[in-house]
Amino acid sequence: MSHFLDVQDMAVRYGSVNALRGISFHVERGEIVTLIGSNGAGKTSSLMAISNLIQGTRTGRVMFEEEDNTHFSPSKIVKRGISHVPEGRHIFPKLTVEENLLMGTFGAVKYDKAKTAGLLEEIYGMFPRLRERRNQLGGTLSGGEQQMLAIGRGLMFSPKVLMLDEPSLGLAPLVVKEIFELILDIRDRGTTVLLIEQNAGLALQIADRGYVLENGNITLTDTGENLLHNDQVIKAYLGI
Amino acid sequence: MILEQLMNGLGQGAIYALMSIGYALIFGVVGLVTFVHGDVIMLGAFTAYYSFVLLGGNLLLAILLGFAVSGAMGFFIHRICYNRFFNSPRQISLICTIGMGMFLRNLVQVVAGTESKPIPNLFGSGSVTLAGLRITYMQLFIFAVVMALVLVLTIFLNKTRVGMSLKSVSMDKTASALVGIDTKRTTTVGNMIGCGLAGVAGVLLAMYYGTITPMMGGNIGMKAFCCAVLGGASSVGGAAVGGLLIGVCENLGIMVFSAGMRDTVSFLLLILILLVKPEGLFTRRSR
């Protein structure tokens with residue numbers, strides 16, 4: 001049986017640097033899957049490779065819903081239903097919160113006004129803080145609010161898969177907890193989640209399955225629960 | 001006298017505004033300065049000349065043709081200078097625009113000849129007097145065209161999907177690609193509109209100066225660059241104000257110095273601004 005999202009033998013090079021050395025992983029519908037690993041292990045490159053945004057050379061295949069997505073343009077990949085919330089959030093600083101969210105509907109299907117308004121309501125329901133700040137410029141939000149805005153924008157076209165790159169980066173522990181609860185909520189609403197995290201402990205707690213990336217290779221894979229109690233993982237990533 | 005010079009300055013500044021708005025649009029989507037802009041403006045000016053000579057003195061037609069010819073050139077410039085070099089070192093595109101400028105200049109010299117061409121004055125010397133201030137028909141026409149274009153552009157950038165895509169690509173290419181915007185196509189459109197506006201600016205300049213040469217682009221391009229940098233390089237509104245400001249300063253400056261010092265005034269202004277506020281007059285650093 002084929003997988004929902006299936007990355008096969010993906011290798012990425014930037015000049016003479018090997019970022020990924022031929023990794024394969026997959027995500028099933030409705031799962032939360034996490035890739036954990038330290039800095040420079042190749043986590044961000046894996047997501048960039050799926051979105052076809054690698055500025056280097058890339059070999060391997062990306063299958064999504066039994067269709068070969070490897071050579072689709074980044075915008076086409078979005079249209080297929082894969083949403084990518086990049087590291088560093090990349091919100092539009094000079095647009096308001098609401099305009100930022102509306103930009104999220106651009107690439108995908110063209111919604112009518114009612115549908116867009118409904119989606120906005122849904123996002124505001126999940127992130128009440130964004131509703132309060134709807135007319136504020138994106139660049140003036142706090143880090144946590146920007147992360148929420150980036151996730152909200154990524155959800156605006158009802159994607160099938162949401163890929164999150166380090167959503168906890170640079171945020172206070174309380175805000176991180178809030179965001180991870182939201183990720184569970186997003187999955188429960190029917191969106192599959194592929195989560196990249198340096199904060200392995202948190203990621204494994206909410207993930208159904210996890211992969212451990214080291215120097216561009218996948219060294220371990222198991223359920224989130226088992227990885228959380230794996231000696232190797234505890235020693236290397238949980239620091240207990 | 002001062003008021004009249006101010007009026008002249010605003011008239012010329014309106015043209016500068018138009019060409020620097022085009023510059024800012026291109027700089028926004030490409031993220032790189034271009035050195036072919038002046039020659040695209042020159043192309044617009046020659047389009048006006050041929051339109052007047054071959055098709056009669058129809059102003060609207062000349063403007064439409066100026067927009068179309070320069071806009072089409074924008075498409076080729078994008079194809080030749082930017083499209084295949086997106087992942088190459090940035091200076092390659094930049095040098096490519098310099099080469100493209102030389103090519104255009106020489107092409108027009110081959111086709112039209114090297115001597116300067118006269119542009120008929122379609123307005124005569126007519127003028128209206130408002131509260132003691134004399135405004136020529138030519139100036140009125142320039143104001144009308146520039147204001148109409150700015151209005152259309154503002155609506156386009158803020159209310160249409162393509163316009164919003166342009167805005168977002170100039171803010172953040174990665175984010176735009178990740179919300180599903182076709183960044184390559186958007187960049188092409190940005191280049192075409194930017195060059196098209198430059199073409200219209202060329203038509204207006206031709207009428208304003210009354211004479212054009214294939215070499216006019218060098219200086220004019222640098223001025224468009226000045227105005228755009230003054231306003232913060234990728235800010236369309238800023239570029240417009242920068243254009244007006246330089247136009248006014250030039251015309252007030254030549255009252256103090258002499259007509260030959262016109263360019264000195266604008267470039268001096270650029271150097272001063274870059275020393276004092278290098279990010280442009282109207283941009284605040286955002287985090």
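Readers should treat all values here as calculations from the given coordinates under stated rules, not as data from a laboratory. Source: prediction; values computed, not measured. Here the Cβ positions follow ideal geometry from the backbone for every residue, glycine too, while neighbour counts run over all protein chains shown.
Charges on Cβ only, +1 for Lys and Arg, -1 for Asp and Glu, centred on the Cα centroid of the protein assembly as shown; of B:Y137, A:S75, A:I36, which one is farthest towards the dipole's positive end?
B:Y137
For segment B:1-58, what percent of Cα pairs sit more than 19 Å apart?
On the way: 857 of 1653 pairs.
The share of Cα pairs beyond 19 Å in segment B:1-58 comes to 52 percent.
Let me have the relative contact order for chain B, percent, based on Cα pairs under 8 Å that are six or more residues apart.
39 percent
Per residue, how much space in cubic angstrom lies within the convex hull of the C-alpha atoms of the protein assembly as shown?
For the protein assembly as shown, the hull spanned by Cα atoms encloses 176 Å³ per residue.
Just how far, in whole angstrom, is segment A:23-83 from segment A:121-135 if you go by their alpha carbon centroids?
With segment A:121-135 and segment A:23-83 each reduced to a Cα centre, they are spaced 29 Å.
What do you get for Rg/Rh of segment B:142-193 when both radii come from the Cα atoms and Rh is the Kirkwood radius?
Taking Rh as the inverse mean 1/r over Cα pairs, Rg/Rh reads 1.07.
Over segment B:1-111, what is the relative contact order in percent, taking alpha-carbon pairs closer than 8 angstrom and at least six residues apart?
Rounded, it is 30 percent for segment B:1-111.
What's the average, rounded to a whole number, of partner chain beta-carbon atoms within 10 Å of each residue's beta-carbon in B:164-176?
5
Can you tell me the Rg and Dmax of segment A:35-166, counting just the alpha carbons, in angstroms?
Rg then Dmax for segment A:35-166, in Å: 15.5, 45.
In Å³ and rounded to a whole number, note down the convex hull volume per residue for the Cα atoms of segment B:13-216.
119 Å³
To the nearest 20 debye, what is the magnitude of the charge dipole of segment B:1-156 about its Cα centre, counting +1 on the Cβ of each Lys and Arg and -1 on the Cβ of each Asp and Glu? Kindly include the intermediate steps, with their values, before the conclusion.
Values: 6 positive and 3 negative charges, 65 e Å.
So the dipole magnitude of segment B:1-156 works out to roughly 320 debye.
For segment B:143-177 and segment A:184-235, what is the centre-to-centre distance using only Cα atoms, to the nearest Å?
Centre-to-centre (Cα) distance: 42 Å.
FRET efficiency for B:T129 and B:L54, Cβ-Cβ distance as r, R0 = 35 Å, nearest 0.05?
So the FRET efficiency works out to roughly 0.45.
Given R₀ = 56 Å, FRET efficiency for B:F257-A:K79 by Cβ-Cβ distance, to 0.05?
So the FRET efficiency works out to roughly 0.45.
For a Förster distance of 30 Å, can you work out the FRET efficiency between the beta-carbons of A:K160 and A:S16, rounded to the nearest 0.05?
On the way: r = 36 Å, r/R0 = 1.21.
So the FRET efficiency works out to roughly 0.25.
Quick one, what does Rg over Rh come out to for chain A if you take C-alpha atoms and the Kirkwood Rh? Walk me through the numbers before you get to the answer.
Working: Rg = 17.4 Å, Rh = 18.2 Å.
Dividing the radius of gyration by the Kirkwood radius yields 0.96.
Per residue of A:73-85, count partner chain C-beta atoms within 10 Å of its C-beta, then hand back the mean as an integer.
4
Which Cys in chain B stand alone, with every other cysteine's Cβ at 4.7 Å or more from theirs?
Those would be B:C195, B:C226, B:C227, B:C249, since no other cysteine Cβ in chain B comes under 4.7 Å of theirs.
Considering chain A as a Gaussian network with a 10 Å cut-off on Cα pairs, which listed residue, A:S168, A:S73, A:S24, attains the greatest mean-square fluctuation?
A:S73
Nearest 500 deg cm²/dmol is fine: what mean residue ellipticity at 222 nm does the protein assembly as shown get from its DSSP H runs of n ≥ 4 alone, each adding -39,500 (n - 2.57), divided by its residue count?
Mean residue ellipticity, 222 nm, calculated: -18000 deg cm²/dmol.
Build a GNM of chain A with springs between Cα atoms under 10 Å: which of A:V176, A:V85, A:V17 gets the top mean-square fluctuation?
Among A:V176, A:V85, A:V17, the largest mean-square fluctuation in the Gaussian network model of chain A belongs to A:V17.
What whole number of Å gives the distance from the Cα centroid of segment B:31-61 to the Cα centroid of segment B:227-275?
If you average the Cα positions of each part, the centres end up 23 Å apart.
With no solvent and one point per C-alpha, what does the Debye sum give as log10 I(q)/I(0) for segment A:111-215 at q = 0.18, 0.23 Å⁻¹?
Taking Cα atoms of segment A:111-215 as identical point scatterers yields -0.92, -1.39.
Among B:G71, B:L10, B:G38, whose Cα sits farthest toward the positive end of the charge dipole of chain B (+1 at Cβ of Lys/Arg, -1 at Cβ of Asp/Glu, about the Cα centre)?
Of the candidates, B:G71 comes out farthest on the positive side.
Under the definition of Cα pairs under 8 Å and six or more residues apart, what whole-number percent is the relative contact order of chain A?
Computed value for chain A: 27 percent relative contact order.
Take chain A, connect every pair of alpha-carbon atoms lying under 10 Å apart with a spring to form a Gaussian network, then pick out the residue of A:M148, A:M163, A:M63 with the largest mean-square fluctuation.
In this elastic network of chain A, the residue with the biggest mean-square fluctuation among A:M148, A:M163, A:M63 is A:M63.
With label points built 7 Å along Cα→Cβ from the Cα atoms of B:L275 and A:N135, find their separation and express it in nm.
4.3 nm
Net charge near A:K76, counting Lys/Arg +1 and Asp/Glu -1 over other residues with Cβ under 13 Å of its Cβ?
Result for the neighbourhood of A:K76: +1.
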